[in-house]
Amino acid sequence: MADLHWLLALLPIWVVALVSPGPDALLVAQTSASAGRRNGLACAAGIGAGNAVWSVATLGGLAVLFAEAAWLYRLVVLAGAVYLVVTGLRMLAAAWRGGDEDGPPGPGAGPARPGGALVAFRRGLLTNLSNPKAAIFFASVFAVTLPPETGPGLRAALVLGAALSSALWFALLARLLSAETVRAAYRRAERRVTALAGVCFAGFGTALAWREAR
């Protein structure tokens, strides 16, 4: 019964955290509109895998580790901020060159091609792992509210649930934004949209780094 009460209390917080705009949603939107449904779905799967990593780390004592070594938490957050800023700058560079890249720049970025779904998956994974919203949720709300007596079965279900629910939400977003009408509109304004996405990513990372540096 305690586990049920905990799940009911956590569910609305998780839903709000999942659907609220952030780097994950922005990446899926830009990938789907620029590189198509296949890459958008791969990106969504990468985000789901990232949330699985966060939940496993939390169940393994990530929150305790961050509490005991505050410098490590700051290091993780700053590394995420650097990744977001670099990704944003690469988007801006692509927009400046004429938007010739079909997906959001990132590690291994390049024009979309057969097999590009693996690149999209990696971008989704890395963006989620560098996302401060995910770090804050799993290392604070998730860890603090989790009953210490929670059994291994429920813990495994939580990992699976976090991965599947996020992957399904962003897969839905990918399907909606990979529609041909959306892609046609994107192509007409590709440079502006890519530049805006770059500004947002760089802004997310800069704001995060500024907050941690104060």
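The values are calculated or read from the model by the stated rules, or taken from the named source; none is laboratory data. Every value quoted in this text rests on a predicted model; they were computed, and no experiment measured them. We place every Cβ from the backbone using ideal geometry, glycine too, and count neighbours over all the protein chains shown.
Structure summary
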| quantity | calculated |
| --- | --- |
| Selection status of L177, in contact with a helix residue (DSSP H, G or I) (Cβ under 7 Å, 6 or more places away or on another chain), closer than 27 Å to V82 by Cα, surrounded by 14 or more Cβ atoms within 10 Å (Cβ to Cβ) and at pLDDT 85 or above | no |
| Which listed residue, of A45, A33, is over 23 Å from G161 (Cα atoms) and either at pLDDT 85 or above or part of a helix (DSSP H, G or I) (or both) | A33 |
| Test: S165 is under 18 Å from R38 (Cα atoms), at pLDDT 80 or above and surrounded by 13 or more Cβ atoms within 10 Å (Cβ to Cβ) | no |
